[in-house]
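See structure below.
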Amino acid sequence: MRDAKNPEGPILYFTEAEWDAFIAGVKDGEFDDLLEEPVEGA
């Protein structure tokens, strides 16, 4: 992956196994807590 505004910049590279683990985590709800509204005073 590269920044479209800086195509000559550094490359962020993920292996197929890393993408597979990320997708499995998304499907398993591992990141669902990121969608919740923050609780005030917590």
| field | Selection within region 1-37 - modelled with pLDDT of 95 or more and among the polar types (S, T, N, Q) | value | Thr15
| note | Among residues of region 8-42 being assigned to a helix (DSSP H, G or I) and of a type in the set (Phe, Trp, Tyr), the residue surrounded by the most Cβ atoms within 10 Å (Cβ to Cβ) is Phe22
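The values are calculated or read from the model by the stated rules, or taken from the named source; none is laboratory data. None of the values given here were measured: they were computed from a predicted structure. Note: ideal-geometry Cβ built from the backbone for every residue, glycine included; neighbour counts use all protein chains shown.
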